[in-house]
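Asker: Please find one structure pasted underneath; my questions will follow.
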Amino acid sequence: MDLTDRTVVLTGATDGIGRATALKLAGHVGHLILHGLQTRAEVAGLLDGLAGRVTYLQADYGHLDQVSGLAADIKVAASHVDLLINNAARPGPQRRERTADGIEATLQTNYLSTVVLCTTLRARLGRVLNIASATHLTADLGLDDLGLASGGYSAVGAYARSKLAIVTFTCWLAGRLDGGTAEAASVHPGVIRSRLLNDMFSIQGAAPERGADNILHVARLPGSINGRYFDEREPTRPNPTAEAPAIQRELLDRTADLLAPIGVDPR
Ligand SMILES: NC(=O)c1ccc[n+]([C@@H]2O[C@H](COP(=O)([O-])OP(=O)(O)OC[C@H]3O[C@@H](n4cnc5c(N)ncnc54)[C@H](OP(=O)(O)O)[C@@H]3O)[C@@H](O)[C@H]2O)c1
């Protein structure tokens with residue numbers, strides 16, 4: 001897909017891979033809509049250096065009403081979103097935390113918030129890239145206890161579960177999009193040096209620009225990528241859990257229950 005003149009929404013655009021992606025996109029698309037957790041004043045150093053038409057929207061994914069507000073703000077800013085990159089995420093906290101909405105924080109930030117944006121914006125979406133992680137390959141969903149309330153919590157476990165939920169949701173969503181004008185895929189961006197990587201894993205990563213290049217490679221691929229999972233640039237099989245229709249349906253039911261308080265039903 002040629003991104004020139006397109007409207008692109010990128011979440012988590014203020015640090016790490018998202019920041020590197022924003023820097024690469026600015027001035028090369030029609031309208032770049034960036035989301036961040038921080039205030040405009042706090043990220044002025046980034047925003048002031050970006051070329052082209054840029055809109056900045058703030059929302060803390062730890063508050064579902066703010067995610068709904070973000071979706072509403074995007075609707076005001078753009079009648080059509082040619083490319084939505086759901087990149088924002090947090091590492092699992094060392095000890096299990098609940099958000100203001102009473103939901104395990106990693107699940108809400110990394111998974112539910114992406115579902116809210118995809119659902120609320122669905123009628124105006126073109127290509128959706130949900131940023132996943134190879135950690136999803138060895139995760140389990142634990143559908144009876146998605147938020148790890150009854151034990152077995154670990155920071156990496158919660159993170160990997162949130163990413164398996166993303167990949168499963170993306171496969172489900174792809175089955176409901178026509179693949180011609182609207183499509184959804186998930187991408188593992190690589191092992192990349194960032195605050196998130198540093199918080200959870202004691203390994204070195206590649207430069208954030210590599211993660212950005214991987215995401216933008218997939219974003220620009222011609223033809224349909226609907227339902228695909230990419231390991232960096234390679235289309236590959238996701239965790240089989242993600243492709244099982246019965247599991248997808250059950251995840252969607254649990255997700256709808258969790259989002260009922262804000263009136264969002266992805267089904
Ligand atoms: N790094 C890797 O090796 C790796 C591997 C696989 C997948 N990924 C995925 O790649 C994506 C980017 O990660 P990264 O490594 O670049 O991490 P990062 O540098 O920590 O960036 C994460 C972004 O998400 C934002 N964010 C965090 N908590 C938020 C919240 N509560 N509400 C709204 N936004 C929030 C951050 O905002 P602030 O800067 O204001 O905190 C930041 O812009 C994530 O989806 C991650 O899971 C990364």
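Asker: Within 10 Å, Cβ to Cβ, of Ala182, how many net charges do the neighbouring residues add up to if Lys/Arg are +1 and Asp/Glu are -1?
Answerer: With Lys, Arg at +1 and Asp, Glu at -1, the net is +2.
Asker: If all Cα-Cα distances of segment 7-262 are sorted into 10 Å bins from 0 onward, what percent lands in each bin, rounded to whole numbers?
Answerer: Taking every Cα pair in segment 7-262, the percentages come to 7, 34, 40, 17, 1.
Asker: A further question follows. Nearest 500 deg cm²/dmol is fine: what mean residue ellipticity at 222 nm does the chain get from its DSSP H runs of n ≥ 4 alone, each adding -39,500 (n - 2.57), divided by its residue count?
Answerer: The helix-only estimate for the chain comes to -10500 deg cm²/dmol at 222 nm.
Asker: Just to confirm my numbers, what's the Cα centroid distance between segment 111-147 and segment 178-245 in Å?
Answerer: 12
Asker: Using the crude model of +1 on Lys and Arg Cβ and -1 on Asp and Glu Cβ, and no other charge, please compute the dipole size for the chain relative to its Cα centre, in debye to 20.
Answerer: I would put it at about 320 debye.
Asker: Using a/c under 1.5 as the rounded threshold, could you call segment 154-211 rounded, prolate or oblate? The axes a ≥ b ≥ c are square roots of the C-alpha gyration tensor eigenvalues, and prolate needs a/b larger than b/c, oblate otherwise. Before the final figure, lay out the partial values.
Answerer: Details: a/c = 4.95, a/b = 1.75, b/c = 2.83.
Note, shape of segment 154-211 comes out oblate.
Asker: Could you check how much of the accessible area of the chain is carbon and sulfur, as a whole percent, using a 1.4 Å probe?
Answerer: Carbon with sulfur: 47 percent of the solvent-accessible area.
Asker: Quick test of the membrane-span-like rule: which DSSP H helices of the chain reach at least 27 Å along their long axis (C-alpha atoms) with mean Kyte hydropathy at least 0.0? Display every interim value, and only then the final one.
Answerer: Numbers: long enough: 155-174 (29 Å, 1.08).
Passing helices, by number: 155-174.
Asker: Could you give the nm distance between label points at Ala246 and Leu221, where each point is 7 Å from its Cα heading toward the beta carbon?
Answerer: That separation, rounded to one decimal, is 3.0 nm.
Asker: At 0.36 nm per residue, and after removing the present C-alpha to C-alpha distance, how many nm does the segment from Arg95 to Ala256 gain when stretched out fully? Don't jump to the answer; show the numbers that get you there.
Answerer: Working: separation 161, 0.36 × 161 = 57.96 nm, distance 2.57 nm.
Length gained between Arg95 and Ala256: 55.4 nm.
Asker: Given axes a ≥ b ≥ c from the Cα gyration tensor, I'd like to know whether segment 1-139 is rounded (a/c under 1.5), prolate (a/b larger than b/c) or oblate.
Answerer: Note, shape of segment 1-139 comes out prolate.
Asker: Return the distance in nm (one decimal) between the two label points of a simple spin-label model at Asp140 and Ala206, each offset 7 Å from Cα along Cα→Cβ.
Answerer: 3.3
Asker: Give me the three principal axis extents of segment 144-267 from the C-alpha atoms, as integers in angstrom, largest value leading.
Answerer: 41, 39, 28
The values are calculated or read from the model by the stated rules, or taken from the named source; none is laboratory data. Note that the coordinates shown come from a computational prediction; the quantities given were computed from them, not determined experimentally. Cβ atoms come from the backbone with ideal geometry, glycine included; neighbour counts cover every protein chain shown. Quick note on the areas: whole protein, heavy atoms, side chains included, nothing else; ligands and nucleic acids left out. Shrake-Rupley method; radii C 1.70, N 1.55, O 1.52, S 1.80 Å.
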